2 protein chains.
Amino acid sequence: MSARPPRKSPASKSVGDDFQAIFREATQADLAAIVDLLADDTLGASRERPGEPLDRAYVEAYDAIERDPNNELIVVDTGGELGGVMQLTFIPYLSHTGAWRCLIEGVRIARSYRGQGLGGEMIRWAIERARQRRCRLVQLTSDKQRPDALRFYGALGFVASHEGFKLKLDLADDRDR
Amino acid sequence: MSARPPRKSPASKSVGDDFQAIFREATQADLAAIVDLLADDTLGASRERPGEPLDRAYVEAYDAIERDPNNELIVVDTGGELGGVMQLTFIPYLSHTGAWRCLIEGVRIARSYRGQGLGGEMIRWAIERARQRRCRLVQLTSDKQRPDALRFYGALGFVASHEGFKLKLDLADDRDR
């Protein structure tokens, strides 16, 4: 962790007056719970492989995120349980007179914590973290099949100024996995 | 450069039968020409500061990109001139059973090279590079104010499945810059 920039101290905060939530970076001990969270989702159900033993691809991906000082996997620790997860990627760009951006991806909230304002807390935390990292822009894409999420980001001040394009690639050895 | 993964050998290829184009990583010697390219654009004109001496924020951003093994600033060298530029960011994610993605950003084509198929060559090159880096998804956002670009990415097989949200941040010392 020594190569990483200084971190914000974990903040204990009340969310929705119902529980205390600590925002912190994920550790490998969180990995199985994070995968369960990714899988417990309409779109994620078909594309994740939860359960033990954990697919080694998850461990490799976690290690790559952990090694990279410009990627932070953030979990909301509600005291032993995971309330939510998101990944922040900090990217240096030449455009906008040389500006860093923060890309938010993979925002997921545990079923039992939905509808209590935790999502808003997470995005506000991410915006604050982006400011600490000197970003001038926070960006994310949200699936058009998630109308509630689209309204949610709009209400937080995000502007849907762009189309989000995706192209899936088939890798040659996909059949072996 | 030793920390970076193996690179594809620069490929000399004919684009539109009119000129030879070599795709390669940018060097610091390209920086002023790249900034000129970013500024020579409807949306970029107001947000870039081209000209000598180059704003040090560009040099700092270039250095950050160059240091990061997961960021590649690619230029199209047409023999002394820059035909185009784009930035590729490779990001490890847990979702999709632990998959890397390639994010394409800042695609710009020099005015004198537009309408000759160079943009398509650049995106196809980026897709091939994403495959080499074991990515399962290539993604990008395109401003809704650029209808030609939206059609262009659709024609290349990208699906506009997501809304692209942006939130601008004002940094405390922006007045000093």
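Summary of computed values
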{"quantity": "Carbon and sulfur %, accessible surface of chain B computed with the full protein complex present, 1.4 Å", "calculated": "50"}
{"quantity": "Simple Cβ-charge dipole of the protein assembly as shown, Lys/Arg +1 and Asp/Glu -1, about Cα centre, in debye nearest 20", "calculated": "260"}
{"quantity": "Surface accessible to a 1.4 Å probe, per residue, for the residues of the protein assembly as shown, Å²", "calculated": "46"}
{"quantity": "Restricting region A:36-98 to trypsin sites (Lys or Arg not before Pro) in coil, as DSSP defines it, with at most 15 other Cβ within 10 Å", "calculated": "A:ARG47"}
{"quantity": "Debye, to nearest 20: dipole size of chain A, +1 on Lys, Arg Cβ, -1 on Asp, Glu Cβ", "calculated": "880"}
{"quantity": "Buried accessible area, chains A and B (both chains, 1.4 Å probe, Å² to nearest 100)", "calculated": "6500"}
{"quantity": "Set of aspartates and glutamates near A:LYS166 by C-alpha distance (under 12 Å), chain-local residues within fewer than 8 positions excluded", "calculated": "A:ASP143, B:GLU163"}
{"quantity": "In range of the label at B:ILE22: residues from region B:55-76 whose backbone nitrogen is under 20 Å from the point 7 Å along Cα→Cβ", "calculated": "B:72-76"}
{"quantity": "Computed E for A:GLN132/B:ARG124 - FRET, C-beta separation, R0 25 angstrom, nearest 0.05", "calculated": "0.10"}
{"quantity": "Chain A, relative contact order [Cα under 8 Å, separation at least 6], %", "calculated": "16"}
{"quantity": "Aspartates and glutamates with Cα under 14 Å of B:LYS168, excluding same-chain neighbours fewer than 8 positions away", "calculated": "A:GLU128"}
{"quantity": "Ascending list, in nanometres, of distances separating the B:ALA32 label from those of the other copies (7 Å, Cα toward Cβ)", "calculated": "6.0"}
{"quantity": "Closest approach to the axis - chain B beta-carbon, rotation onto A, Å", "calculated": "B:GLY164, 2"}
{"quantity": "Cα gyration tensor category, rounded, prolate or oblate, for region B:61-126 with a/c compared to 1.5", "calculated": "oblate"}
{"quantity": "A:LYS166 paired with B:GLU60, simple spin-label distance in nm, labels 7 Å along Cα-to-beta-carbon", "calculated": "3.5"}
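The values are calculated or read from the model by the stated rules, or taken from the named source; none is laboratory data. Being a predicted model, the structure only gives us computed values, none of them experimental. We place every Cβ from the backbone using ideal geometry, glycine too, and count neighbours over all the protein chains shown. SASA here: full protein model, heavy atoms, side chains in, ligands and nucleic acids out. Shrake-Rupley method; radii C 1.70, N 1.55, O 1.52, S 1.80 Å.
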